[in-house]
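**Q** Below is one structure. I have some questions about it.
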Amino acid sequence: MKPGNAILSSYGTTIFEIMSRLAQEHDAVNLGQGFPDGNGPPDVVAAATDYLVHGSNQYPSMMGLPVLREAVARNNKRFYGMDVDWRTEVMVTSGATEALAACLFGLIEQGDEVVLIEPLYDSYLPIVQRAGGVARLVRLEPPDWALPEDDLVNAFSDGTKLILLNTPMNPCAKIFRREELEIIAGLMEKHDAFAVCDEVYEHLIFDGLPHVPLMVLPGMRERCVRIGSAGKTFSLTGWKVGYITASPHLLMPIARTHQFLTFTTPPNLQAAVAYGLDKNDSYFNNLSDNLQVLRDYLVGGLTELGFEVLPCDGTYFITTDFRPLGFNGNDVEFCRHITTEAGVAAVPVSAFYQSGEVKHFARFCFCKEEASLTKALDRLTAHFDS
Ligand code: PMP
């Protein structure tokens, strides 16, 4: 039999799926995959139920329901001061995952160079390669995840079509500061490149730090595509509603791609997300405040256990160095070990790299009920104390 596509087949099952399956088999507390324990804000869920019964369940507009596109444009103004024309500059997608695919397939030509920053979210590299792009990887490394400016300069060339930037960044919980964004912006202008900005964690930032979209920097409005996700903003990861903001010349090829990928997204979910995006500031503040409490709780517990916990400025995740616990093995072995022996699942950080020496860090997710975190900490304590 003839084989399937070689690029995509070479990737196998994602580490999130593998660890989640293992967690299920061993009845482990799953702090591997990043999804909240709860069921989302009840009023947003009710808006979706209501629309399902009283609204239209037929194909919505390919670009997305106007109410949602208007709400996305308003949010760009409210949070980042950007004037966005919802008619020509906003499109709804089936999650940020589809948004990323639509952007990469829509913008990359065979042989275009694409700058990617490791550690990498799992869908980036396969889609870049399948789109015909040539990846130029720049590595951030624990414990400080600093952006190596020389490496970044070397990764860019006049063949660079775009850089894919994830801030706040999964898994390292880093927020790119304005100075770092300015370096990236300078290189984009020098080499006439675009940026696809994965900002799904834009509202999950702690300690009062600001989220600065690359798109708001001088000269970047026309060069950036900004991607958001209702999954993260409303703790409804199963909904898969994403949204793209980009100037018309960039959005056009992306929309052409979207029409052949999913074409549309369930209308009731879009209507509910439109409702949610207009919630008042206290909703958004509580979202990050509540998560910050959980972050602090898990950081405290893991630190007490002996882990070295790296700083976490945003996202759902903390990265830990497990060497102080005396475990004899690499991160994949450690994560399997604690899943099967302690009943707590985590994700090995090496899975976010193509190669290299980052082999003793585990990512734990804290967007869970406090009771789940307590259970996980109790189990780890019982295991490592024995
Ligand atoms: N980008 C990043 C960095 C993510 O962590 C995730 C979700 N884990 C996504 C994109 C995908 O978002 P969605 O569920 O909206 O497709």
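Since every read-out is calculated from the coordinates, none of them should be taken as a lab result. This one's a predicted model, so the numbers in the text were calculated from it and none came from an experiment. Because the Cβ atoms are built from the backbone with ideal geometry, glycine has one as well, and the counts that use them run over all protein chains shown.
**Q** Over what distance in Å are the Cα centres of the range 1-41 and the range 182-261 separated?
**A** Using only Cα atoms to place each centre, the spacing works out to 25 Å.
**Q** Just need the relative contact order of the range 219-372 here, percent rounded to a whole number, with Cα pairs under 8 Å and 6+ apart. Write down the numbers at each step before the final one.
**A** On the way: 168 pairs, mean separation 23.8, N = 154.
It comes to 15 percent, rounded to a whole number.
**Q** Ranked from highest to lowest mean number of other Cβ atoms within 10 Å per residue, what is the order of the peptides 346-359, 207-220?
**A** Output ranking for 346-359, 207-220: 346-359, 207-220.
**Q** Taking Cα centroids, how far is the range 90-164 from the range 280-323 in Å?
**A** About 27 Å separates the Cα centre of the range 90-164 from the one of the range 280-323.
**Q** Residue separation times 0.36 nm, minus the C-alpha to C-alpha distance between Tyr11 and Thr381: what's the value?
**A** 129.7 nm
**Q** Okay, helix-only estimate at 222 nm for the chain: each DSSP H run of n ≥ 4 adds -39500 (n - 2.57), divide by all residues, round to 500 deg cm²/dmol; what do you get?
**A** Here the helix-only value at 222 nm equals -13000 deg cm²/dmol.
**Q** Something else: Treat every Asp and Glu Cβ in the chain as -1 and every Lys and Arg Cβ as +1, leave all other atoms uncharged, and give the resulting dipole magnitude about the Cα centre to the nearest 20 debye.
**A** About 1020 debye.
**Q** Step through the residues of the range 362-370 one at a time and calculate ³J(HN,Hα) from phi using the Karplus curve (6.51 cos²θ - 1.76 cosθ + 1.60, θ = phi - 60°), rounding each to whole Hz and writing x for Gly and Pro.
**A** With coefficients 6.51, -1.76 and 1.60, one gets 10, 9, 10, 9, 10, 7, 10, 4, 4 Hz.
**Q** List the residues, sorted by chain then number, that are 5 or more residues from Val134 or on another chain and whose placed amide H is less than 5 Å from its amide H.
**A** Correct list: Gly111, Asp112, Glu113, Val114.
**Q** Using the charge dipole of the chain (Lys, Arg: +1 at Cβ; Asp, Glu: -1 at Cβ; taken about the Cα centre), state which of Leu377, Phe322, Tyr80 has its Cα farthest towards the positive end.
**A** Tyr80
**Q** Follow-up. Rank Tyr201, Tyr11, Tyr275 by mean-square fluctuation in a GNM of the chain with C-alpha springs under 10 angstrom and give only the top-ranked residue.
**A** Tyr11
**Q** What list of ³J(HN,Hα) values in whole Hz, one per residue of the range 284-289 in order, does the Karplus curve 6.51 cos²θ - 1.76 cosθ + 1.60 (θ = phi - 60°) give from phi, with Gly and Pro shown as x?
**A** So the Karplus estimates, Gly and Pro as x, are 5, 5, 5, 3, 6, 4 Hz.
**Q** Here's something else I'd like to know. State, as an integer percentage, the relative contact order of the range 42-280 based on alpha-carbon contacts under 8 Å between residues 6 or more apart. Walk me through the numbers on the way to the answer.
**A** Working: 461 pairs, mean separation 76.0, N = 239.
Taking the mean separation of contacting Cα pairs over the length of the range 42-280, I get 32 percent.
**Q** Hey, what did the range 1-133 get for relative contact order, percent, Cα under 8 Å, at least 6 apart? Mind showing how you got there, number by number?
**A** Working: 75 pairs, mean separation 27.6, N = 133.
Worked out over the range 1-133, it gives 21 percent.
**Q** If I build a Gaussian network model for the chain, linking alpha-carbon pairs within less than 10 angstrom, which residue out of Ile15, Ile244, Ile318 has the largest mean-square fluctuation?
**A** Between Ile15, Ile244, Ile318, it is Ile15 that shows the largest mean-square fluctuation.
**Q** Here is a further query. What's the ranking of 222-228, 187-193, 307-313 by average number of surrounding C-beta atoms within 10 Å, highest first?
**A** Highest-to-lowest ranking by the protection proxy: 222-228, 307-313, 187-193.
**Q** Further question: What is the magnitude of the charge dipole of the range 274-319 about its Cα centre, with +1 placed on the Cβ of each Lys and Arg, -1 on the Cβ of each Asp and Glu, and no other charges, expressed in debye to the nearest 20? Don't jump to the answer; show the numbers that get you there.
**A** On the way: 2 positive and 7 negative charges, 24 e Å.
It comes to approximately 120 debye.
**Q** Sticking with this one: What Kirkwood radius, in Å to one decimal, follows from the Cα pairs of the chain?
**A** That comes to 21.5 Å for the chain.
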